[in-house]
1. Just the number: Rg to Rh for the chain, Cα atoms, Kirkwood Rh, two decimals.
2. Per-residue ellipticity at 222 nm for the chain, helices alone: DSSP H runs ≥ 4 residues times -39500 (n - 2.57), over residue total, nearest 500 deg cm²/dmol?
3. With the Cα gyration tensor of region 142-293 giving a ≥ b ≥ c as the square roots of its eigenvalues, does the rule (a/c under 1.5 for rounded; else a/b larger than b/c for prolate; else oblate) give rounded, prolate or oblate?
4. Using the charge dipole of region 58-292 (Lys, Arg: +1 at Cβ; Asp, Glu: -1 at Cβ; taken about the Cα centre), state which of LEU210, VAL91, ILE282 has its Cα farthest towards the positive end.
5. With the dipole of region 40-120 worked out from charges on the C-beta (+1 for Lys and Arg, -1 for Asp and Glu) around the Cα centre, which of ALA82, GLY102, ILE113 lies farthest toward the positive end?
6. Suppose we flag GluC sites (Glu not before Pro) only when DSSP calls them loop and at most 11 other Cβ atoms lie within 10 Å. Which is the longest uninterrupted stretch of the chain?
7. Each residue of region 226-234 in order: what ³J(HN,Hα) in whole Hz does its phi give by Karplus 6.51 cos²θ - 1.76 cosθ + 1.60, θ = phi - 60°, with x for Gly and Pro?
8. Counting other Cβ atoms within 10 Å, keep those with at most 16, restrict to DSSP loop, and tell me which trypsin sites (Lys or Arg not before Pro) in region 186-271 are left.
Amino acid sequence: MSEPITMQRVKERLKIPLMLGPAVAVIVLLFGGGLLVGLGQSLGYFPAIGLTEFSFDAYRSVLTDPNFLRSLWLTFRIALVATVLSSVLAVGFALVLRQKFGGSRLATFLFQIPIPVPHLVAASGIILLITQSGLIARFGAAAGLMEVPADFPALVFDKAGIAIILTFLWKEVPFVGLVVLAVLQSVGPQYEEQARTLGANARQRFFNVLLPLIMPGIMSTSIIIFAFTFANYEIPLLLGVRFPSTLPVVAFRQYQDPDLGLRPEAMAISIVLAVVAILLLIAYRRLARYAVK
């Protein structure tokens with residue numbers, strides 16, 4: 001015979017949902033409400049400018065625009081390059097920082113500094129450093145490495161997005177590195193010592209012992225980085241060229257345009273961006289599970 005459900009047990013079961021309720025309600029109202037409004041406007045429902053009938057005109061206009069695929073490819077390329085390079089560099093830094101050496105604590109502290117720095121501040125720093133009138137160009141000219149600062153390579157406001165990628169790397173490498181470092185410190189050196197005892201060289205110990213151990217952490221953080229860089233608009237807006245622009249920047253500019261007739265297209269781009277990001281993350285997640293097995 002089952003025990004009667006007392007008021008105390010009911011309170012205990014409802015404790016966690018009630019504690020999470022306000023936060024969940026805010027997220028649902030703000031995110032869900034904004035998503036529904038954006039979806040409605042992308043489908044042509046925008047009473048403010050007299051659009052009250054649903055249609056796919058905005059999606060047709062966006063998807064048939066030849067510049068859309070160019071912006072989509074640019075967005076994907078920047079996100080992919082930033083994610084891959086961040087993961088590779090982070091693993092290298094983590095392997096160094098897990099060793100005990102003089103100043104290792106200071107090095108670990110300096111490695112973490114970029115994490116709390118806002119992305120806008122990081123972008124401003126990149127502009128001050130590597131533009132053709134920046135500090136590095138001026139120091140190079142003063143040291144005789146080049147005749148004038150303008151001889152410094154154009155790394156900012158370039159079509160390749162080098163400054164954008166460098167800013168993402170400066171921010172995201174410590175994020176991945178700390179996760180990998182925590183995994184390495186938790187597993188300890190015993191697995192490597194056993195492999196060394198069995199005759200494995202450094203390359204074999206890394207690829208057959210360490211990499212499988214840290215792969216879950218690399219994949220999970222890479223998914224986060226890819227999703228963020230794919231949807232980020234602040235850094236490409238500040239450091240990228242006017243054309244071609246990444247999809248988030250295109251959507252932002254059309255949303256800010258005084259012509260409200262462009263609002264449905266801006267929302268259509270945002271919805272397409274969200275759908276593409278979700279599909280890519282699902283595929284990437286499956287790849288991550290396959291790699292971890």
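Derivation of every value follows stated rules applied to the coordinates shown; laboratory data play no part. It should be emphasised that the depicted structure is a prediction, and the values quoted were computed from it without experimental measurement. Every residue, glycine among them, receives a Cβ derived from its backbone with ideal geometry; neighbour counts consider all protein chains shown.
1. Checking Rg against Rh, the ratio lands at 1.07.
2. The per-residue figure over the chain is -22500 deg cm²/dmol.
3. Oblate shape, in that a/c is at least 1.5 and b/c is the bigger or equal ratio.
4. LEU210
5. Result: GLY102, furthest along the dipole toward the positive end.
6. 148-293
7. 4, 4, 5, 5, 5, 9, 6, 10, 5
8. For trypsin sites (Lys or Arg not before Pro) across region 186-271 that sit outside H, G, I, E and B with at most 16 neighbouring Cβ atoms in 10 Å, the list reads ARG242.
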